[in-house]
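Step one of this worksheet: look at the structure below.
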Amino acid sequence: RRQELESVRGTESITRDGRHIDVYANIGNPDNLSQVLSNDAEGIGLFRSEFLYLGRNTYPTEEEQFEAYKKTAQTMAGKKVIIRTLDIGADKKVDYFNLAPEENPAMGMRAIRICLTRPELFRTQLRALCRASAFGTIAVMFPMIISTDEVRRAKAILQDVQRELDEQGVKYDSHMEVGIMIETPAAAVMSDELAKEVDFFSIGSNDLTQYTLAIDRQQTQLDAFFDAHHPAVLRLIGQTIANGHKEGIWVGICGELGADLALTETFLRMGVDELSVSPPAVLPLREKIRSLDLKK
Ligand code: PEP
Ligand code: MG
């Protein structure tokens, strides 16, 4: 089995009939970079930036964040690195954020909601990200979006940060792509409008499934009700891809479903452009893609 997988290392993630898919890896920490490289991922489709905030007692400084993003961008040597802005809240609690206790944290103050409520925190992360973008190919991605208004507000803060860097003569990549995660049913349903605001979509199937089925993703007692292939979720994914393409943007999947080989053909037929999976899932996915013929 290992040998079979080794044979696809260094090859292109392309179907028999010639459709290329970007196969990227998800990471939660720069320590995972060696795994990304050893598994031959073509980029990083989801860098969960929360690790910078977890397991400590104070906010990470701009410098600390900059160093982590810069190291990642340099190690990937020009390959795309999609950094998701802070997704604290819900299952990821950090004491020094002083978030009020909530009955339903998964539906509470988390991710972009925290960033738009505390713009100084958001600005620090965005400054670090933009500065690091001068050292490779970085893209930024906002999580837990539900409306175009949120996207516009987040982009306005990003543009303001970039203006500030211009004034200070600090280098950054002015062509850095800006995308959003589609991980709420609201975002999937509104994806036709949202696509006009961004350069790409990345579908977070973990949360999209949780919110669409109204089943807590951590609640294993509900496994009997949980259908990972529920047609409602698959329809939302299909609609999101189609709506993104109508506006000419690329659409990927970075939730666990992207690594589900039973769905690879379905996703490719829907037109997905990128699949981002855990590093050990990269080569099996490439092997699967190379076995498919979409003309059949
Ligand atoms: C998702 O929700 O599918 C996702 C990729 O983000 P996370 O698992 O970090 O919530
Ligand atoms: Mg999520």
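Remarks
- One quarter of the surface of the convex hull around the alpha-carbon atoms of the stretch 98-200 equals 7.1 nm², the direction-averaged projected area.
- Taking every alpha-carbon pair within the stretch 163-295, the share separated by more than 21 Å comes to 47 percent.
- Cleavage-rule hits, chymotrypsin sites (Phe, Trp or Tyr not before Pro), the stretch 151-255, DSSP coil, Cβ neighbours within 10 Å at most 16: F225, F226
- Listed by chain and number, the lysines whose alpha-carbon sits under 24 Å from that of K80, ignoring those within fewer than 8 places in the same chain, are K70, K71, K155, K171, K196, K246, K288.
- Kirkwood Rh and Cα Rg combined as Rg over Rh, evaluated for the stretch 1-123: 1.07
- The string of couplings for the stretch 3-8 from the Karplus curve (6.51, -1.76, 1.60, θ = phi - 60°) is 4, 4, 5, 4, 5, 9 Hz, one whole number per residue in order, with x for Gly and Pro.
- Here the extension length gained between T58 and E120 equals 20.9 nm, from 0.36 nm per residue of separation less the Cα-Cα distance.
- Summary of packing: across the peptides 107-113, 58-64, the per-residue average of other C-beta atoms within 10 Å ranks them, highest first, as 107-113, 58-64.
- Candidate cross-link partners of K296 among the aspartates and glutamates, defined by an alpha-carbon separation under 14 Å and a same-chain spacing of 8 or more, comprise D17, E265.
- Normalised by 2.2 N^0.38 Å, where N counts its residues, the alpha-carbon radius of gyration of the stretch 2-74 equals 1.42.
- FRET efficiency for R9 and K71, using Cβ-Cβ distance with R0 set to 25 Å, rounded to 0.05: 0.55
- The chain: mean projected area of Cα convex hull, nm²: 15.7
- Rule-of-thumb Rg ratio for the stretch 80-144 [Cα; 2.2 N^0.38 Å; N residues]: 1.22
Bear in mind these aren't lab numbers, they're just calculated from the coordinates by the rules spelled out. For clarity, every value in this text was computed on a predicted model and none was experimentally measured. Neighbour counts are summed over all protein chains in view; Cβ atoms, including those assigned to glycine, are modelled from backbone coordinates with ideal geometry.
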